[in-house]
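Undergrad: Before I ask anything, let me first share the structure, which is written out below as structure tokens.
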Amino acid sequence: MKTPLTLVDVLLLLALFCISPWVAGSSSSYCKLTNTGEIRPHSVSITDFGAVGDGVTLNTKAFQNAIFYLNSFADKGGAKLFVPAGRWLTGSFDLISHLTLWLDKDAVILGSTISDDWPIIKPLPSYGRGRELPGERHRSLIYGCNLTNVVITGENGTIDGQGSIWWDWFHSKTLNYTRPHLVEIMNSTNVVISNLTFKNSPFWTLHPVYCSKVLVQNVTILAPSDSPNTDGIDPDSSSEVCIEDCYISTGDDLISIKSGWDEYGVEYARPSTNITIRRLTGQTTSAGIAIGSEMSGGVSEILVENILFFNSNMGIRIKTSPGRGGYVRNVYISNVSLIDVNVAIRFTGKYGEHPDSDYNPNALPTVERITIKHVSGENIKTAGVLEGIEGDDFHNICLANITLNVSSMHQWNCSHVQGFSDFVSPKTCHSLRERIFPQHISDCYQPPNFIAQSLV
């Protein structure tokens, strides 16, 4: 049996891969939102409000009181809440605008293991209910709504959700409400999350929803491989999002782009758009980069580049279903290295799962103009499983410069997909074998801000 690669092995192998150079001009302006070391004119320590960093004392009131006090400086240049070395146990607390939450390198914020310390809030309107259970949901450990100019950063301190108790409740089916995220920022703009480690989220780890101008940079996200639904970063009905220089190892999708669920997402109609993901490394029992399955508000203008996934189930995945409606279009994924991955590329058109019986089964999603190029893979079991929807083909799927070392006899499996390819090994499905160059270059999506270059 082949020994799984360690991270050190992967980094050494990455140096040997022939990866196309980063295309100048592909950077997005929202990847340079702000200086995370911005000087706030007012600063306090959590200890000024009676917090005790012994890992036992509950400090929820200290966090709440500190932030209430700092709110008086929101219109005076903002403020910084400093969390020094220690283990700071807390329940859920709210952030405010013009705030920097700063963690010392030896600071650990610990989520309480008492469910009552995570309040119950309304479901998201684009979901209509809790994602796991009908009705309301638990609020995230760190929560913000209707904010501007908020920064969560530090010197690689840690925010640990202590999620194992929640995973046990999930498995035993004793939850009354949907599990909380570790960090959820809602309906906010100019958000920066950087230079921290996030561990053991009860549910999705970082969840910017209904946000714009979001930068997630240089973070590490960790959860056991068997932890349920511990997605890394889930941009949801959000625009101008940049995720870069991150390492993620969790029990579900490392990044999953979403935009609402069935009829609720269609009605709310807030897409995820203009999202850049680059220089991401990770491993997972699910997919490295996923879109959906909740994509009913639409997903478009997605740029993914310079990615490495290892010891994982899937590399790139799009998942949807009849009843979702919405669209996934104008997606460009380039410069991907895969090592020890079961399925390199997977599209699923019948993912199922609906919020209730009121969804419209005739609301079919549109999946089109998906470009995947410059992909190298070693020890890949299956190159691709691309399954559209009968009567609703996924079209203008473009694959170029893909070389995969595949062990399976069934290298590609395709149905209800249409597109083009150039220089793909092993040879792709018949429905994708028509060449891109020269007749179909215009059918294949390429971000408009890229410096002109041949697709292949």
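The values are calculated or read from the model by the stated rules, or taken from the named source; none is laboratory data. Here the structure is a predicted model, which is why all the values come from computation and not from measurement. Counting neighbours? That spans all protein chains shown, and the Cβs are built from the backbone with ideal geometry, glycine included. What goes into the accessible areas is simple: the full protein's heavy atoms, side chains included, and nothing from ligands, DNA or RNA. Shrake-Rupley method; radii C 1.70, N 1.55, O 1.52, S 1.80 Å.
Undergrad: Taking E240 as meeting all but one of (1) part of a loop (DSSP other than H, G, I, E, B); (2) of a type in the set (D, E, K, R); (3) more than 14 Å from S126 (Cα to Cα); (4) open to solvent by 10 Å² or more (accessible area, probe 1.4 Å), write down the number of the exception.
TA: The single condition E240 does not satisfy is (1).
Undergrad: Also: Among the residues of the range 56-91, how many are surrounded by 20 or more Cβ atoms within 10 Å (Cβ to Cβ), of a type in the set (A, V, I, L, M, F, W, C) and in contact with a strand residue (DSSP E or B) (Cβ under 7 Å, 6 or more places away or on another chain)?
TA: 9
Undergrad: For V375, only one of the following conditions fails: (1) assigned to a loop (DSSP other than H, G, I, E, B); (2) under 23 Å from the mean Cα position of the chain (by Cα). What is its number?
TA: V375 satisfies all of (1) assigned to a loop (DSSP other than H, G, I, E, B); (2) under 23 Å from the mean Cα position of the chain (by Cα) except (1).
Undergrad: Can we say G111 is in contact with a helix residue (DSSP H, G or I) (Cβ under 9 Å, 6 or more places away or on another chain), under 18 Å from S227 (Cα atoms) and open to solvent by less than 30 Å² (accessible area, probe 1.4 Å)?
TA: On the way: in contact with a helix residue (DSSP H, G or I) (Cβ under 9 Å, 6 or more places away or on another chain): yes; under 18 Å from S227 (Cα atoms): yes; open to solvent by less than 30 Å² (accessible area, probe 1.4 Å): yes.
Yes: the conditions hold for G111.
Undergrad: When you go through (1) at pLDDT 95 or above; (2) open to solvent by 30 Å² or more (accessible area, probe 1.4 Å); (3) within 25 Å of K199 (Cα to Cα) one by one for H98, which number turns out not to apply?
TA: Unmet for H98, out of (1) at pLDDT 95 or above; (2) open to solvent by 30 Å² or more (accessible area, probe 1.4 Å); (3) within 25 Å of K199 (Cα to Cα): (3).
Undergrad: Let me ask something else. Any residue at all in the range 328-337 that's farther than 25 Å from Q446 by Cβ, touching a residue at least 40 places away in the same chain (Cβ under 8 Å) and buried (at least 21 other Cβ atoms within 10 Å of the Cβ)? Give the steps one after another, and end with the answer.
TA: Of all residues in the range 328-337, those farther than 25 Å from Q446 by Cβ come to none.
Checked against the condition, which is being farther than 25 Å from Q446 by Cβ, touching a residue at least 40 places away in the same chain (Cβ under 8 Å) and buried (at least 21 other Cβ atoms within 10 Å of the Cβ), the range 328-337 yields no hits at all.
Undergrad: Another question about this same structure. Since F420 meets every condition but one in (1) open to solvent by 30 Å² or more (accessible area, probe 1.4 Å); (2) out of contact with any Gly (no Cβ under 7 Å at 6 or more places or on another chain), which condition does it not meet?
TA: (1)
Undergrad: OK, next. Taking G323 and the conditions (1) open to solvent by 10 Å² or more (accessible area, probe 1.4 Å); (2) part of a loop (DSSP other than H, G, I, E, B); (3) closer than 12 Å to M295 by Cα, which numbered condition does it fall short on, given that it satisfies the others?
TA: Among (1) open to solvent by 10 Å² or more (accessible area, probe 1.4 Å); (2) part of a loop (DSSP other than H, G, I, E, B); (3) closer than 12 Å to M295 by Cα, the lone unmet condition for G323 is (1).
Undergrad: Next question. Residues I316, I307: which one is of a type in the set (A, V, I, L, M, F, W, C) and touching a Leu at 6+ places or on another chain (Cβ under 7 Å)? Full working, then the answer.
TA: Numbers: I316 fails: touching a Leu at 6+ places or on another chain (Cβ under 7 Å).
Answer to the selection: I307.
Undergrad: Take S201 and decide whether it is part of a loop (DSSP other than H, G, I, E, B), in contact (Cβ under 8 Å) with a residue 40 or more places away in the chain and open to solvent by less than 10 Å² (accessible area, probe 1.4 Å). So that I can check it myself, show each step before the final result.
TA: Values: part of a loop (DSSP other than H, G, I, E, B): yes; in contact (Cβ under 8 Å) with a residue 40 or more places away in the chain: yes; open to solvent by less than 10 Å² (accessible area, probe 1.4 Å): yes.
It is true that S201 is part of a loop (DSSP other than H, G, I, E, B), in contact (Cβ under 8 Å) with a residue 40 or more places away in the chain and open to solvent by less than 10 Å² (accessible area, probe 1.4 Å).
Undergrad: Go through D245, D253, D231 for me and flag whichever is assigned to a loop (DSSP other than H, G, I, E, B) and more than 30 Å from G391 (Cβ to Cβ).
TA: Numbers: D245 fails: assigned to a loop (DSSP other than H, G, I, E, B); D253 fails: more than 30 Å from G391 (Cβ to Cβ).
Answer to the selection: D231.
Undergrad: If you check every pair at least six apart or on different chains, which have Cβ atoms under 8 Å apart with a residue in the range 65-76 that is under 16 Å from T47 (Cβ atoms) first and a residue that is open to solvent by 100 Å² or more (accessible area, probe 1.4 Å) and modelled with pLDDT of 95 or more second?
TA: A66/D48
Undergrad: If you don't mind, another one. If you scan the range 165-183, which residues turn out to be part of a helix (DSSP H, G or I) and either in contact (Cβ under 8 Å) with a residue 60 or more places away in the chain or within 21 Å of the chain's Cα centre (by Cα) (or both)?
TA: As a first pass, look at the range 165-183 and keep what is part of a helix (DSSP H, G or I): 165-171.
Selection gives W166, W167.
Undergrad: Find all pairs meeting these conditions: Cβ atoms under 9 angstrom apart; at least six residues apart or on different chains; first residue within the range 428-446 and touching a residue at least 12 places away in the same chain (Cβ under 8 Å); second residue among the hydroxyl-bearing types (S, T, Y) and open to solvent by 30 Å² or more (accessible area, probe 1.4 Å).
TA: C429/S415; S431/S415; F437/S454; I441/S454
Residues are listed down the side, and each one gets a yes or a no for (1) touching a helix residue (DSSP H, G or I) at 6+ places or on another chain (Cβ under 8 Å); (2) free of Cβ contacts under 8 Å to residues at least 24 places away in the same chain; (3) over 26 Å from C31 (Cα atoms):
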{"residue": "P271", "(1), (2), (3)": "no, no, no"}
{"residue": "N274", "(1), (2), (3)": "yes, no, no"}
{"residue": "S286", "(1), (2), (3)": "no, no, yes"}
{"residue": "E305", "(1), (2), (3)": "no, no, no"}
{"residue": "K319", "(1), (2), (3)": "no, no, yes"}
